[in-house]
Amino acid sequence: MNDVADKSADILATAKERFSYAIERKSHNTTRQKEDIRFAASSPDDPWQWDQKTLTQRNLHGRPILTINKLPLHIRQVTNDIRQNRPQVRFRPADDKADPEVADILNGLVRHIEAHSQADMAYDACVLNQVTHGEGYFRVLSDYVSDQSFDQDIFIRRIDDTFRVHLDPDRLDPVGSDAKWGFVEDDLSEDEFKKQYPKAEPIDWKFASEPGWFIEEGKRVRIVEYFEVDEQEKTLYLWANGSTSFEGDPMPNGVYMGEMPIKERKSTKCKVIWRKLNGQQILEEREFPSKYIPIVRAVGNEWKVEGKTYISGIVRNAKDSQRMYNVAQSAIVERVLLAPKAPWTASVEAVKGYEAIWKTANTEPHSFLPHNHVDEAGNPIPAPQRTQPATVEPGLSQIAMGASDDIKSETGQFDASLGQKSNETSGKAIMARQREGDTATFHYVDNFGQAVRHLGVIILDMIPRVYDTRRVAKILGEDGDMATAYIDPKQGEALTEMRDDKGAISRIFNPNVGIYDVYATTGPSYTTRRVEAAEAMTQMVQANPELWGVIGDQIVRSMDWPGAEDMAERLKLTLIPPVQQMLGKDEGEAEVPPQVQVAMDQMQQQVQQLDQAIQAMEQELTQTQDKQRQAELKAQMEESKRIKAETENYVLKAQQQLATDEQQAMQRVQAAIPQPVQPDPVESNAAAEMQAQEQEMAALQDLAGMVQQIGAQNEQVMHALQESTQLTVQAIAQMQDAIVRAQTAPKRATLSNGRVITIESGLGA
């Protein structure tokens, strides 16, 4: 018991030391980052963009205090661009044991995890923090699928408050893949704490240094989740089948008891221990199903200065320009408001006796203002005069405009990027300016893509540990269609297929077999790409209506309206015959001429009968002792096998002939359909993009001439199919002649059981 208590005390002491270390290492960033958030969230109701001293002075004198916050527009421009082009996790085989189809299954599994986790909210919160103050987080965890299930699943969860995450400051990877430990703070009400941990005292983690401190009534209890990587040096074994395992682990699939490894070396085995701590004790503890800390970090701008890391977002450098803009606009408003309140100049004698009226000269609309025009001695007194009203200096407007432009340059976003009218007139110039803005902020997109890639690495590592028994996994297609696949961590191959009693084929995969690379792609969502594809195909059909008979069903399927799928299926019936033939081939519905199919079925039946006859003769051969009879049976078997081989050869040639002719026909159809030129996604300058678009337009212009040839090519395809059918019928006729010859041959033999056998055909009579 003392050993357990001592171990817990050591763990708590280490955790407190690491927590304090993390707080200290990032304290210089924390203050600035919180200021960035307040500055970005400033509004007329919360004028955080003004310092308190200036606010007090202006309020005291009744001077305007304007907060015209231009920064949220620039923040949303970056964050919403990432929303429209979310990075997607992708897997691909990295060795000879990995299977491309398993990689596709893993892609669909990750999409399902994202969908049922509502990962979009986690990504959006992370990106908002990343762009605003330079650092965002989201996390990965495992939990039971439901309250009635023993199966666990993987979930992606948001972290909206980045200041409650403390990741190993000594990490080198910006996304945190090499972090050795990390903390996530959480607050619980006193009632909730007692409900979850009835045997624990509500001692707050924040006051962990004061072991005698207990929560005040109505106060919340702060606890922490503590992740720690446990590294153990063990021997790594390499087995004959290429699999590896650590010392003490179960034998891999395909490795038998007593088998010796072919190689071994010392290596490090990592596992992550998850704990929940309050100020004085370990509330929960278990192994997390991954070797990585399940906290993913996305960084904005990161600088190394004299051994310290400085982090910032899009707000930091735009602060002064925003302040200058607020001051300039407030000054302009102040000048405009003071214009109708220009003071009067008058001698005391001129307003003597009328002081009450003149005190309200600038506040009340008097019909006239009386004054004295002579003094007591009869000398004339000058009439009161209004001073020249204050005007708005041109310099103030220039300062405001300059400050607005400075904000754009500091954020890397100009009018074209913001959807505003600018001095660019041509489409190329506008696109070039937009690309400049995208380039200036692309590091936010790229850094978030790296974070999503690390998410894929964590999930790939978790899948075999979470899906550790044979079970059904839901696979979400890119188009939103749901499918299923079986996970079997015990099977020896990466992918197998199983057919049920109804003929349905199910895929069974083992994520433990093979190595897969993880990468992230950035691009529009499937819906956006579908709409763009529909628009492009519509333009192609408008250029040449004859293409409707080739791609009409694809255009309708890409449309975003109810019943589009049903309409597309019906439109398939109106496509040109070669395309219908190609679609039938792709879907496993290729039609074979009826006379050919009948002949091939007949030949298959003859082969089955020959097999039965040969088996009967082999059985009699093993039973008879008559030398002469044995010789006759051997001769009969050899002849039957020859006829069987000849029959199978005829069937094979017919199938090959059909496949060859169909392939040639489909190649003619595919050659008749032009492929549009797509711009290279790697190119990052406007000139290259314009060149790609010009190439695409040239291809579309050539389309008309190519489509005019479709009719003639269709005739050629149909002629080829007719020729194929004739050749196949001829081959079948030759097979039928062979069958007739074999059946009508007079040579017969009688087996010991009394059954009569035709030697040439091997058919029972």
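The values are calculated or read from the model by the stated rules, or taken from the named source; none is laboratory data. Everything quoted here is computed from the prediction, not taken from an experiment. Here Cβ is always computed from backbone atoms with ideal geometry, including for glycine, and neighbour counts include all displayed protein chains.
Taken as a whole, the structure leaves residue 308 outside the set of residues that are closer than 30 Å to residue 188 by Cα and of a type in the set (D, E, K, R). Can you find even one residue in segment 36-59 that is part of a helix (DSSP H, G or I), basic (Lys, Arg) and under 23 Å from residue 407 (Cα atoms)? Yes, the conditions are met somewhere in segment 36-59.
Residue under question is residue 142, and the condition is that it be surrounded by fewer than 14 Cβ atoms within 10 Å (Cβ to Cβ) and not charged (D, E, K, R); does it hold? Working first, answer last.
Working: surrounded by fewer than 14 Cβ atoms within 10 Å (Cβ to Cβ): no; not charged (D, E, K, R): yes.
In short, no.
Selection of first residues in segment 607-636 that are farther than 27 Å from residue 649 by Cβ and of second residues that are aromatic (Phe, Trp, Tyr) and buried (at least 17 other Cβ atoms within 10 Å of the Cβ), restricted to Cβ pairs under 8 Å at least 6 apart or on distinct chains, gives an empty result. Based on what the data block shows, is residue 311 in contact (Cβ under 8 Å) with a residue 40 or more places away in the chain and of a type in the set (A, V, I, L, M, F, W, C)? Here the answer is yes, as residue 311 does meet what is asked. Residues of segment 25-82 being farther than 23 Å from residue 130 by Cα and among the charged types (D, E, K, R), which ones? Listed by number, the residues that qualify are 45, 51, 53, 58, 63. One residue stands out in segment 351-408 among those that are polar (S, T, N, Q) and assigned to a helix (DSSP H, G or I): the one that is surrounded by the most Cβ atoms within 10 Å (Cβ to Cβ), namely 404.
If we keep just the residues of segment 162-219 that are polar (S, T, N, Q) and at pLDDT 90 or above, which is nearest to residue 447 (Cα to Cα)?
Step one: list which residues in segment 162-219 are polar (S, T, N, Q), which gives 162, 177, 189, 196, 209.
From what is left, the residues that are at pLDDT 90 or above are 162, 177, 196.
On the way: 162: 16, 177: 14, 196: 38 Å.
Per the stated criteria, the residue is 177.
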